[in-house]
1. How long are the semi-axes of the equivalent ellipsoid of the chain, defined as square roots of 5 times the Cα gyration tensor eigenvalues? Whole Å, largest first.
2. Using a Gaussian network for the chain with springs between C-alpha atoms less than 10 Å apart, which of these wobbles most: 13, 75, 92?
3. With the contact rule set at Cα under 8 Å and sequence spacing of 6 or more, what percent relative contact order holds for the chain?
4. Ignoring ligands, DNA and RNA, what percent of the 1.4 Å accessible area of region 1-92 is carbon and sulfur?
5. Using the Cα atoms of region 1-111 to build a convex hull, what is its mean projected area in square nanometres?
6. Taking loop as defined by DSSP and a crowding limit of 16 other beta carbons within 10 Å, which trypsin sites (Lys or Arg not before Pro) in region 91-163 fit?
7. Provide the per-residue ³J(HN,Hα) series for region 157-171, in order, calculated from phi with Karplus coefficients 6.51, -1.76, 1.60 and θ = phi - 60°, each as a whole number of Hz, with x at glycine and proline positions.
8. With +1 on the Cβ of every Lys and Arg and -1 on the Cβ of every Asp and Glu, and nothing else charged, how large is the dipole of region 28-95 about its Cα centre, in debye rounded to the nearest 20?
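The values are calculated or read from the model by the stated rules, or taken from the named source; none is laboratory data. Just so it is clear, the model here is predicted, and its values are computed rather than measured. Here Cβ is always computed from backbone atoms with ideal geometry, including for glycine, and neighbour counts include all displayed protein chains. Remember, those area values only see protein heavy atoms, side chains included, never the ligands or the DNA or RNA. Shrake-Rupley method; radii C 1.70, N 1.55, O 1.52, S 1.80 Å.
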Amino acid sequence: MGRFEGRVAIVTGASGGIGAATAEAFAAEGASVVLAARREREGAEVAGRIAAAGGRAVFVCTDVAERDQVERLCGRAVDEFGRIDYGINNAGTEGARAPTAELGLAEWDRVMGVNLHGVFLCMKYQIPRILEGDGDGAIVNVASGNGLIGGVDVPAYIASKHAAVGLTRAAALEYAPKGLRINALCTSSVATPMHSRIFGGDSPEIVSRVADMHPSGTISTPAECAAAILWLCSGAASYVTGAAYVMDGGWLAR
């Protein structure tokens, strides 16, 4: 039996990158997984891979910025599998690059809608369902190392990730007495399509240049992030809540 046999996890942003790796890792360890993303074809493919490997998964096309869709997602998880134990709120967007005074209001709202409002909505509907369980649930909000420091020309992204960390800490304090642990995972460079967009590609030259920015000399993989997320949900992290758990190859330690 895996660590999460009989458990149910919701993973947003599960059509690729960290979300897909996390969904597959949960399923490999026995959990039933509800995958959520806006990209229907890619999300269904991930669910299909899990099923082909003998796991249990359903895909629900979801825009986490829309209240009705998030409520429907959580309801579907309970309808399919009877409970929710873990919420992995990973859906995110980097937004357009522009200095603060030049960023359009529509772009600000779009980034905040996914990166902050989406995290709030997911927790709003996940928390009551998790609390109906046996007191051993957890939520991990995938934030960023940029949620702990400043940055240039990505004001909405920086602000949204700082706010997501603050929201995580506030919720963790509220629900710790009830046995629900809530943490944020703060990564740096991860080999995902978003990373490629931010740095202008994934050629060996670009990857090497970005890796050299980290004391470890590497960038992380979605599988490494998934391993950290599963640890934060596991009994091994039973005393960890309200943390901005940094996983960045030493980037912020400089």
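1. Semi-axes (√(5λ), whole Å): 27, 20, 19.
2. Ranking 13, 75, 92 by mean-square fluctuation puts 75 first.
3. 19 percent
4. 44 percent
5. 7.5 nm²
6. Sparse-neighbourhood loop trypsin sites (Lys or Arg not before Pro): 97.
7. With the stated coefficients, region 157-171 comes to 4, 4, 5, 5, 6, 4, 5, 5, 5, x, 4, 4, 5, 4, 5 Hz.
8. With only Lys, Arg, Asp and Glu charged at Cβ, the dipole is about 140 debye.
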